[in-house]
Each structure stands twice: as C-alpha cells, then as structure tokens.
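Below: the structure, in structure tokens.
The values are calculated or read from the model by the stated rules, or taken from the named source; none is laboratory data. Just so it is clear, the structure is predicted and the values come from calculations on it, not from any experiment. FYI the Cβ positions are ideal-geometry reconstructions off the backbone, even for glycines, and counts take in every protein chain you see. With ligands, DNA and RNA removed, areas are computed over all heavy atoms of the protein, side chains included. Shrake-Rupley method; radii C 1.70, N 1.55, O 1.52, S 1.80 Å.
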Amino acid sequence: MKPRLAALVIGVALAAGGAGLWATRDRGAPVAAQEPAPAIPVTVGVVSAQDVPVLLHGIGTVQAFNTIAIKSRVDGTIVKVDFTEGQEVEAGAVLFQIDPRPYRAALAQAKAAKAQHTAQLESAQLDFERSSKLISRGFQTQQSFDQQRATVGQINAAIEGDQAQIETAELNLEYTNIRAPISGRLGARLVDIGNLVRAGDGAPLVMMTQVRPVFVTFTLPQQNFEDVRDRQIKAPLAVKAYTSDDTRELSSGRLTLIDNAIDQLTGTIRLKAQFDNADERLWPGQFVNVRVVLDTRRGVPTVPAQAVQDGPDGPIVYVVGPGDTVRRKKIEVAMVQDGLAAVTQGLQPGERVVVNGQFRLTEGARVNAAPGASANANEVSK
C-alpha cells in the first residue's frame, strides 16, 4: 500500500504545480484583440445622367467643293503672272495675261470693216430711195429697183457680220486676261512667263480649288442604310470629322447625299457630307474619321469605361455603399465610346463606382475611396 500511496501523492503534486504554472502564465500575458482587415485603396467615379449621341463611324476623304483646271481660251504668249502660288483669290481676279496686241489689232480691223460697210449702206440706202421714186413714174425698171433693194440687204447683212466679228474680237481680247472663275485657293504654277499657250492645250496653267465649303465622302455598312435614310428624310443628319487618329474633332457639318445604289462588292453605301470649313481645318485629299450622329439618348446613366469589368454573366461594376464597402453589381451596357460607357440597366445617377483597383476587391470589402474622373464625356457610338 505504501508504494501506491506515494505514487498517488507525487501525481497530485505534479498536477497542482502544472495548474499553478498555467494560471500564472495566463495572468501575465493578455490575449491580443483581432484587428479588422485594412481598407483597399481604389479610385471611384460618380454615375452621371447625360444626353448621349448615338454615332455611326466611317472613314472619309475630304473633297474640294469645286476643282478647276485654269486653261487659256486663246493662243498667245504669257506676258504676266499676277498671283502667288498657294494664294487665295476672289472670283474675277486676274491670274495670267496673254499678249493682247494681236487681239487688239483684230478688234480694230473688225471695227474698220463695219465702218466701211456702214458708209456703203448710207450710199446704197439713198440710191434705193431715189429708185423707189423713179419706178413709180416709169423712169426706173423693176429689175434695177430690185437690184438696188438687194444691195441694201447685202450691206446690212455685212454690217451684222462685222458686228459679230467685233464681239468675237472683244471676247478674245478679254480672254487674254485669264481670271479666277470662282473664289478659291490656287495651287502650284505650272506655266511660266514667256511660254506660248494654245486654247487647245490639255495641260492646265494652274489648278484651283474651293475649300470653303468642302465635302467629305465616306461609306457605311449597308445594315445602317435604313436608319440613316429614315432619319435623313426627317432632317439632315449631323456629321463630325475627326483626325486620322480619332482624337480631335476638326469640323461639324451635315449629311447632303445618300448614294442611289449600294456597292455590291463591298456591301457599303456611299455618303457625302458638307462642311462650312471656315477655319480651313479640312483640306482636299485628307483622310478623316467620320461620325454620323444618328440619334440622341436622353438622360442615360454613364460611367468611365474602365469601371466596367467582365463578369461570369456579363458586365459588372463595383458600387461603393455605406461604410465604404463595395458590392458587385451586374449592369447592361448599351455602348462605349471615348472612355465612356452608357448603362441602360443596373445603375442610377449619383451612385459611386470603382474605377481603378477592382482586381483586389471581393464582395463586401472595405475600400479607401479616392475621387477620380467623373463620367463627363459626351459621345457614345452605336
């Protein structure tokens, strides 16, 4: 019995000592409280309601309103050039002068011939009047009277021919001054002083273009034809021209032509828009991006395009709620253009959405929201 009793006493002592040691350690080391997860830094934007244009996109070429090849209407030597290459001139301005001396001489000759025939007519008219008196008395034969009357008619016809020659000579003399037929801008001079030019020459002396206004020709897919035609019937559609990199608007105009046939090879319809081009930012031959304003959606919720993420069931955004916590929200996006997304379902104006930093977010996560750019663009493509 003694050995068992001794073992029992030792066991109880060891247990009591361990319990005391444990109690002492618990009293000396307090347990740390669990800290909340740190807020995730993100950038947010505010949903805004805007009138959003519905656009159709195309690529176009600027075309001069008028393009004219300036040529000579008479033969002769160029004695004067009265313009600077690239100059803008008004209609009627003298551009070239051809030696006028031969045409002045031809005009003088035509006038002299008319004066000669006019003098002959006066003499013939007097003879005819005398003959008409003599024939009534029987002193003049009918044949002589008829010949005198025919002579008067011939001279009158000659005078009319002389007048036509005078007018032709005057016109040719006027053509020695080659004038601008319209107001526009001149190109490079193609013929120099001293060169002999002819009316039948095919090569122009200088090219002239009218750049205010100008046209832009472009194409759209044939599936847009019905929408464009129906709206163009109601009112001319607005058209905007942008730089080739599609970053800067150059000018605004209106649609003036829908071609009368669809190109079967490309499946496109050709269109033409007219621009006032008062600042001459559009230049003939220039390639531009074209946007046709087909319609306008009124009061559409819009968000920066980078706020929209691809979710398993479609586009989503992270909406910042009370306590700066986020929740994932499914939306419907009608269109995206120029960094702006137009949302037709899922968002209301005034809500805050995460624009940057979504990759670290989970449902209910707390965020440290920094303000970012609001949705303030004004154009959206269809």
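Observations, loosely collected:
- Any chance VAL74 is assigned to a strand (DSSP E or B), surrounded by 10 or more Cβ atoms within 10 Å (Cβ to Cβ) and modelled with pLDDT of 50 or more: no
- If you go through segment 190-211 and keep only what is surrounded by 18 or more Cβ atoms within 10 Å (Cβ to Cβ) and closer than 13 Å to LEU95 by Cβ, you end up with VAL191, VAL197, LEU205, VAL206, MET208.
- Subset of segment 363-381 [over 35 Å from the mean Cα position of the chain (by Cα) and either closer than 29 Å to THR296 by Cβ or modelled with pLDDT under 85 (or both)]: ALA369, ALA370, PRO371
- Taken together, the residues in segment 81-102 that are within 38 Å of the chain's Cα centre (by Cα), under 20 Å from VAL197 (Cα atoms) and part of a strand (DSSP E or B) amount to 5.
- Scanning segment 303-361 for residues that are free of Cβ contacts under 8 Å to residues at least 12 places away in the same chain and either open to solvent by 50 Å² or more (accessible area, probe 1.4 Å) or in contact with a helix residue (DSSP H, G or I) (Cβ under 7 Å, 6 or more places away or on another chain) (or both) yields ASP310, PRO312, PRO322, PHE359.
- Any hit, segment 1-23, residues being at pLDDT below 50 and either under 40 Å from the mean Cα position of the chain (by Cα) or part of a loop (DSSP other than H, G, I, E, B) (or both): yes
- Contacts under 9 angstrom Cβ, first residue in segment 83-100 being open to solvent by 20 Å² or more (accessible area, probe 1.4 Å), partner of a type in the set (Ser, Thr, Tyr) and outside any loop (DSSP other than H, G, I, E, B), 6 or more apart: ASP99/THR77
- The single condition among (1) surrounded by 14 or more Cβ atoms within 10 Å (Cβ to Cβ); (2) under 21 Å from GLU249 (Cα atoms); (3) touching a residue at least 60 places away in the same chain (Cβ under 8 Å) that PHE287 does not satisfy is (1).
- One residue stands out in segment 290-302 among those that are at pLDDT 90 or above and of a type in the set (A, V, I, L, M): the one that is farthest from GLN348 (Cα to Cα), namely VAL290.
- Qualifying residues in segment 157-186 (those that are without any contact (Cβ under 8 Å) to a residue 12 or more places away in the chain and among the charged types (D, E, K, R)) - the one most open to solvent (accessible area, probe 1.4 Å): GLU160
- Selection from segment 212-248 of residues that are surrounded by 19 or more Cβ atoms within 10 Å (Cβ to Cβ) and farther than 18 Å from ILE269 by Cβ: VAL214, LYS240, ALA241
- Filter pass, ILE135 being at pLDDT 75 or above, surrounded by 12 or more Cβ atoms within 10 Å (Cβ to Cβ) and more than 30 Å from SER72 (Cα to Cα): no
- Against the list (1) surrounded by 13 or more Cβ atoms within 10 Å (Cβ to Cβ); (2) among the hydroxyl-bearing types (Ser, Thr, Tyr); (3) more than 23 Å from GLN210 (Cβ to Cβ), the condition THR266 fails is (1).
- Boolean, SER252 is open to solvent by 60 Å² or more (accessible area, probe 1.4 Å), in contact (Cβ under 8 Å) with a residue 12 or more places away in the chain and either closer than 30 Å to LEU347 by Cβ or out of contact with any Asp or Glu (no Cβ under 9 Å at 6 or more places or on another chain) (or both): no
- Of the strands (runs of 3 or more DSSP E) lying entirely inside segment 300-341, those containing at least 2 residues that are under 18 Å from PRO41 (Cα atoms) and out of contact with any Lys or Arg (no Cβ under 7 Å at 6 or more places or on another chain) span 326-330.
- Condition check for GLU122: in a helix (DSSP H, G or I) and either open to solvent by 30 Å² or more (accessible area, probe 1.4 Å) or at pLDDT 95 or above (or both): yes
- Near pairs, Cβ below 9 angstrom, 6+ apart or cross-chain, from segment 218-241 (hydroxyl-bearing (Ser, Thr, Tyr)) to any residue that is open to solvent by 70 Å² or more (accessible area, probe 1.4 Å) and not in a strand (DSSP E or B): THR219/THR266
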